[in-house]
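Heads up: the structure comes next, in structure tokens.
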Amino acid sequence: MTTAQIIFLVVAAVTLASAFMVVTTRNLIHAALWLVATLFGVAVTYALLDAGFLAVVQVVVYIGAIAILFIFAVMLTRKEMRDQGPQLNSGWWISALLAVLTFGGLVGMLWGWRGMDTLASEMPVGFDSINALGDALISPNAFVLPFEVASVLLLAALVGAVYVAFNPRSGDSRK
Amino acid sequence: MTTETLIWLIPLPPALAFFLIVLFTNKNKALSHTVGVGAAVLSWLASMVVFFRALSVEHLGEHPFVSSVNWLPTGDTWFRIGVAIDPLGAAVLFFVSITIFMIFLYSVGYHNFGQPAGDHDRKGLPPHGATVTDEHGHQHVVPSVEPMYSRFFAFLGLFAFGMYTLVVSDNLLTLFVGWEIMGLCSYLLIGFWYGKPSARAAAIKAFMTTRIGDVFMLLGIGLLYSLTGTLNFREIFGNEELMHTLATPGTTLFGLSLAGLIALLLFIGTVGKSAQWPLHVWLPDAMEGPTPVSAMIHAATMVSAGVYAVIRMFPLLSLDHNTMTVVAFIGTFTAIFAATIAVAQNDIKRVLAYSTISQLGFMIAALGIGAYVAAAFHLVTHAFFKALLFLGSGSVIHGMEHGVLHTGNHSVDPQDMFNMGGLRKKMPITFWTFLIGGFALSGFPLLTAGFWSKDEILADAWANGHLAVFITLATAAFLTAFYTMRQITLTFLGEPRTKEAEHAQETPWTMTVPLMVLSVFAIGYGWVGIPEDFPLLGGLLPSWFHEFVGGTLAEHPEVIPFNPVPLTVSLVVALGGLLLGWLYYRNVNSAKEDFFQIPLLKNKYHFDEAYQVVFIGPVIWLSEVFTKWADQGVIDGILHFFGPATGGIGAFIRNKIDLPIINEFIGDGLAAVTQETGRTLRPIQTGRIQQYMMLSLVILAVVGALLYFMLGAGL
Amino acid sequence: MNFIYEHLLLVILFFPTLAALVMLFLPAGENKLLRWFAFGASLVPFILSVWLWTQFDPNVAGYQFEAQYPWYEALHSSLHLGVDGLSLTMVMLTTLLTPIALLASFSINDRVKAYMMLFLFLETGMLGVFMAVDLLIFFVFWEVGLVPMYFLINQWGSPKGEREVRSIFGKFTMSARNYASLKFMIYTMGGSLGLLLAVQMLGVLFGNYDLQYITANWSGYTKDLMGISVSTVKTVAFWAFVIAFAVKVPLWPFHTWLPDAHTEAPTAGSMILAGVLLKLGAYGFLRLVLPLYPAEAKYFAGALAFLATAAIVFGAFASFGQTDFKRLVAYSSVNHMGFVVLGIAAAASAVGTQDATIALNGAVLQMFNHGLSAAGMFFLVGVIYERTHTRNLDDFGGLFPLVPVYGGILIFTRMASLGLPGLNGFISEFLVVRGSLPLLPVYTAVSMLGLLMTGAYILKGIKQVLHGPLNEHWAHGEHKLTEINTREILVMAPLMILILVIGLWPAWILDVINKAMMMLF
Amino acid sequence: MIPLSWYLIFAAGLFSLGLFGVLARRNAVAILLGVELMLNAVNINLAAFWRYGNVADMTGQVFAIIVFAVAAAEVAVGLALVISVYRSRNTVVADEIDMLKW
């Protein structure tokens, strides 16, 4: 057991536990907060994988924006739900079974794969992954087009979200 | 100015006058006739200059005045048009310019210039007279001015242009241009009083009848042009090799030589234009035109053009014996045929019209027997005396109309000779000039021009051994003298038969001056053609005409020796006819007493009716057939089969295939099956997103497992 | 200026379309503005074609002012334009008649904008045919011209009249203008089906549609095609071309669309229809049939001449039999265009001889002349129809005293149509007769019967309209016939001047035609 | 050193938990929470494969970035939809939002 392994196992356990709480806790606010914890765990995992940029983006975008958005959404819709009543469907055990089966299936499939025990090679000396990522994103030979498409997608989502969430009864002064 | 330039200019003034009057001066009567008469004077002056210059040239026949320009490009070469004056052209130009000038002058008076506008006159109808109040308060009816006065001068101008063009042309095409323009003018002038249905019909009849001839003539021109590559008279006739080729007998239809065929086609044009049998029917009807000016145009000038054209083409004509025979036959037959009809006519102008046809027949017959100088001579003299007669008859009618206006009895026909009588005293100038013209027409011996020219034709016929022609023409000449005397007697001699005739009046100077001028020529022009060896008179004056016009051809026609037989015959028929006419008709007072009112003659041998049945009826029937039956029946019928047939096929496909099979069975059937299936499967759609997802996961798992085990087993 | 000169044909061709598109943005109700705009716009191509005429060198063989623009690369078809003496004459005719027709249309008050736009589109369509040096372009413009004409007849045709269609399936009725426009469209399209197929075949065979290239190679082509002997293919293709053009000319027995279409079309539509559209067919004969199929044309010259003679004779007879003034004039077009084809047939039988050249000169000049006189005639019929709302000859008669100026113009134009020497029709008819007579003597002689009947129906027209006792019905009150007005005289004036000028001095135009014909054949 | 399999199994677990949340939770917002978990699991995989493959090839990371973008978009639109539905139907329970059924 190396230090890295121990760190990984701890992080993984915390992350999975938080994730479990996300899907099971009754209070949605709590669920959202557990999600923050999970996301944070994933960010640490990225760091472990030497993907520093991803780790930072994970924290900034997921925790800083998405999770907060969830909390807002929960608060906006919470009035009726309170915390009463079941938070799970009546057929939740089928879902659980399916989830377990999926996990089993995935693990089972992975088990026979030869690359399972591959170890990470050393990072090349002087290799700056952030620099390389930046190059890849804006290089015409690489991913500038998907990158731009993603930005268009975001813009479309922005417009769409505003349009969908817009309340014509309260906010539309034109009517 | 060179003579050639002058010749080019001759036809121009009348054409300019036409455009000036039509476009600008048509509202002003005085200005219009000034322009018209002025143009006629200019052309006349130019013609006289050309004529006298032509006289001064020796051997004009070999060295005529010619000038030409490129006109139509035809492949590598050009078709050239131009002018030429040779002896024949000069002679014709002489009489044409004088008569045209006289006509213009005469028209001023005839259309009552200076008289008030009519009370009820309308455009398109002859003037009916105007009521005027004199200083004493009496109301008179006086002749009224023609409502379309200016237009008449415009038409006359165009007509003169056509005639001059025809005369000065050096080629057949421009001759044809002038020919057709005159055809148009004759149409316009005959139909001048278009308000009268009879005039309207006569105009069309004239145009169509002459057009039959013209169409053949055009074919002839086309044929000649394509065979020789030119239409220039001199180039064709001067080319002996070509003429020889054309004369090769038996190469075309009916065993005619090419020359014969072309000449025949061209001659048919003349038959139409010069109103020869069987296309003579239009000329008498053409008298519907304004009396008598347009009639005079048709009779004295335009119809001469037909003869002129044949004389022009004489070298070609004479190449084929068969064509010559046809020409001689048609001429001779027309001469006697028209003369017999003329005997039975009562309308003063119609008598003259038939006499014109008959006289033209003389000329054509002369050409047919080869006496082309005689024909040309008769052409000129006839033009003078027939113009005189027509103008004279117009004067008579004008005088009679005066009488009609005076009495106010419009039922009296001012043109019927049986309504006249005794006009000698009322209209002395008209009488004397008419008498001169009539005697010239009859061939009154020695004194008149008609005698010399007619005598020459008879002499030629006799000398060349055409006995049948000689006898027929002599008979026709006798009839001519007879009906001319009948006309003079009925019109001028004896006592007035009606009140109107009593009140007839002499016509104004613009009408009588032309009469006097023309009567001078009707007498004097004969003297230029007295044969050299004529007893007593021969040699007193040189036989100028024969010398001059005979020089037109390369080969100078031989002078026929004097023979007493034709001279005697001519003397007998002329004097005999005149005498018999006077003796018989001085006692006849009405149409009923007239022995010669034979229905067959009176009805012109029923040619009009026959043509109506044989030609016009079928044409109208055919035209109906072509529209109603062929186009709208057969062709459109076939098309109308396709339209509805396509529609029918469409309907069949729709009703029998599309609707039952495709729509109901396949289309609706599939829809029903789909619908039923959908209805059955509908409960699956719970609308719950998580159930969908679970289902898809289960299916994914099952399919994935299947694939994994099956493929995995295979791998 | 330099740009215009270099692309002169393109500018002439598309200026009307451009103007029509600009018209889209003009206010619809401003009839006066729309009329003058369209008229002014149509003058531009005319002025440019006069310039073209002056710049054109008749002594140079082949096309001039050639210009090639990419169009359909995949098919190797390009917008290849060019004019020679033949097309130049026709371009002149088109650009001359369009402004005149537009000026004649000033009395149209119904949907002026659409009407004027259609007319301008029509001009482009017609000009395109005359300028095309590419078979596919030729065909495209050939069909383009139909569409505006269809709508002009269908929408602005004479509103009255029902047409009873009888067939073996029974009878039904439809409005006359509907019937006429449909007939016009279907007839022409049906005729050009074979043309399309034949054009496609040539295109496939040679890999491009360039007219010069195909002309140079096709007549000498001897290999079998698709397993069929080349002579069979050529014969079939020849007849496909001939039928397409024969419908348009129209030749007997493909002519029955013409009286209907002419009669129902609006006045200016008839003018253009008779003046230019009929020429497209004859132009097709000269531009495509004779150069592409010299051997077949020679072989079938007799058949063509037969149809032409039939058109001349039957057209004249049928015209004589009409009681409808406009229909009478319409049938006269059949008669006159017959002479064009007679000349072409004669030339086909002996290409290269002087007779053939003369016949062709006559045919082309006859096309131009008929354009002038037929346009004039239809306009004059329109003038009187506008005032009286009837075309029945029996309703007229005795109008001369009421409308002397109109009468004079009518007689003048009718005489031009009759072929009176001194006016233009004579020159061309004489040349055709002169050229055809030695080559096809029998047909030419028979066609003289048609020439005779031409006189008959023309005089009938004059007699029935103008002559006769004063017509009281049209003389007074609300029916009072008014004299032809200044605008209408202005429409007729250029036509009449040209008729007279060509009649007296034809060399200026005939020289261009003659040289073109010499070099073309 | 950590073998690749650890990351993969970790990601699989995270994914399965997310899947359970998506399938079992009633609240629409909670379903979206589950979706986020699943997306994170995928991202872990992408990052891991990048690290254990050719480091110079940035495809894995780029994909992860794009997944971030998609996730952000999805959340924004998804939550907007939820709020919109909540306004009109006054519920966020997924089972009750079944207007799309037959």
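When each of B:Val396, B:Val404 is tested for being in a helix (DSSP H, G or I), under 30 Å from B:Thr131 (Cβ atoms), of a type in the set (Val, Ile, Thr) and modelled with pLDDT of 85 or more, the lone residue that passes is B:Val396.
The single residue among C:Gly435, C:Gly422, C:Gly461 that is surrounded by 23 or more Cβ atoms within 10 Å (Cβ to Cβ), at positive phi and either in contact with a Lys or Arg (Cβ under 9 Å, 6 or more places away or on another chain) or facing chain B (nearest Cβ under 9 Å) (or both) turns out to be C:Gly422.
Only residues that are surrounded by 11 or more Cβ atoms within 10 Å (Cβ to Cβ) and either over 19 Å from D:Leu4 (Cα atoms) or under 22 Å from the mean Cα position of the chain (by Cα) (or both) were counted in segment A:111-130, giving 4.
Condition test on B:Ala468, is it surrounded by fewer than 24 Cβ atoms within 10 Å (Cβ to Cβ), assigned to a helix (DSSP H, G or I) and of a type in the set (Gly, Ala, Ser)? Considered against the rule, which asks whether it is surrounded by fewer than 24 Cβ atoms within 10 Å (Cβ to Cβ), assigned to a helix (DSSP H, G or I) and of a type in the set (Gly, Ala, Ser), B:Ala468 comes out as yes.
Selection of segment D:73-92 for residues being more than 17 Å from the chain's Cα centre (by Cα) and either away from chain B (no Cβ under 14 Å) or surrounded by 19 or more Cβ atoms within 10 Å (Cβ to Cβ) (or both) yields D:Ile83, D:Ser84, D:Val85, D:Tyr86, D:Arg87, D:Ser88, D:Asn90, D:Val92.
With respect to the stated conditions, B:Leu580 is more than 12 Å from every other protein chain (Cβ to nearest Cβ), assigned to a helix (DSSP H, G or I) and surrounded by fewer than 16 Cβ atoms within 10 Å (Cβ to Cβ).
Put simply, of B:Ala335, B:Ala344, B:Ala376, B:Ala387 the only residue that is in contact with a helix residue (DSSP H, G or I) (Cβ under 6 Å, 6 or more places away or on another chain), crowded, with 24+ Cβ neighbours inside 10 Å and more than 23 Å from B:Trp527 (Cβ to Cβ) is B:Ala335. With respect to the conditions (1) under 25 Å from the mean Cα position of the chain (by Cα); (2) crowded, with 23+ Cβ neighbours inside 10 Å; (3) not β-branched (Val, Ile, Thr), B:Ser198 falls short on a single one, namely (2). For segment B:175-220, a residue qualifies if it is facing chain C (nearest Cβ under 10 Å) and part of a loop (DSSP other than H, G, I, E, B), and the qualifying residues are B:Gly191, B:Trp193, B:Tyr194, B:Gly195, B:Lys196. Just one of (1) on the phi < 0 side of the Ramachandran plot; (2) under 26 Å from the mean Cα position of the chain (by Cα) fails for B:Gly370. It is (1). Listed conditions (1) more than 14 Å from chain D (Cβ to nearest Cβ); (2) not aromatic (Phe, Trp, Tyr); (3) not in a helix (DSSP H, G or I) are all met by B:Thr686, apart from (1).
Tell me, please, whether a residue that is small (Gly, Ala, Ser) and within 30 Å of C:Phe306 (Cβ to Cβ) can be found in segment C:402-410. Scanning segment C:402-410 turns up no residue that is small (Gly, Ala, Ser) and within 30 Å of C:Phe306 (Cβ to Cβ). Filtering segment A:101-152 to residues that are closer than 27 Å to A:Phe20 by Cα, of a type in the set (A, V, I, L, M, F, W, C) and more than 7 Å from chain D (Cβ to nearest Cβ) leaves A:Leu101, A:Met109, A:Trp111. Within the set B:Ile357, B:Ile311, the sole residue that is modelled with pLDDT of 80 or more, under 30 Å from B:Leu246 (Cβ atoms) and among the hydrophobic types (A, V, I, L, M, F, W, C) turns out to be B:Ile311.
Consider segment D:2-14 and keep the residues that are at the interface with chain A (Cβ under 7 Å from one of its Cβ atoms) and surrounded by 24 or more Cβ atoms within 10 Å (Cβ to Cβ). The one that is farthest from D:Val70 (Cα to Cα) is D:Phe10. Scan C:Thr353, C:Thr357 and give me the residue that is within 30 Å of C:Tyr221 (Cβ to Cβ), surrounded by fewer than 24 Cβ atoms within 10 Å (Cβ to Cβ) and not hydrophobic (A, V, I, L, M, F, W, C). None of the others qualify; the one that does is C:Thr353. Residues that are of a type in the set (Val, Ile, Thr) and touching a Phe, Trp or Tyr at 6+ places or on another chain (Cβ under 6 Å) within segment D:51-94 comprise D:Val62, D:Val92, listed in sequence order. Selection of segment B:406-432 for residues being among the hydroxyl-bearing types (Ser, Thr, Tyr) and within 10 Å of B:Thr498 (Cβ to Cβ) yields only B:Thr407.
Residues of segment B:222-232 being more than 8 Å from chain C (Cβ to nearest Cβ) and touching a helix residue (DSSP H, G or I) at 6+ places or on another chain (Cβ under 6 Å), which ones? Residues satisfying the conditions are B:Leu224, B:Thr228, B:Leu231.
Would you check if B:His244 is assigned to a helix (DSSP H, G or I) and at pLDDT below 85? The answer is yes for B:His244.
In segment B:500-522, what count of residues is obtained for those that are within 22 Å of B:Gln345 (Cα to Cα) and at pLDDT 80 or above? The total comes to 0.
The residue that is nearest to the other protein chains (Cβ to nearest Cβ), counting only those in segment C:396-419 that are out of contact with any Asp or Glu (no Cβ under 9 Å at 6 or more places or on another chain) and not in a helix (DSSP H, G or I), is C:Pro401. What tally of residues in segment A:2-60 results from selecting those that are at the interface with another protein chain (Cβ under 7 Å from one of its Cβ atoms), closer than 15 Å to D:Ala11 by Cα and either part of a loop (DSSP other than H, G, I, E, B) or out of contact with any helix residue (DSSP H, G or I) (no Cβ under 9 Å at 6 or more places or on another chain) (or both)? So the answer is 1.
The values are calculated or read from the model by the stated rules, or taken from the named source; none is laboratory data. Predicted model only: the values in this text are computed from it and were never measured. Here the Cβ is made from the backbone with ideal geometry for all residues, glycine too, and neighbour counts use every protein chain on show.
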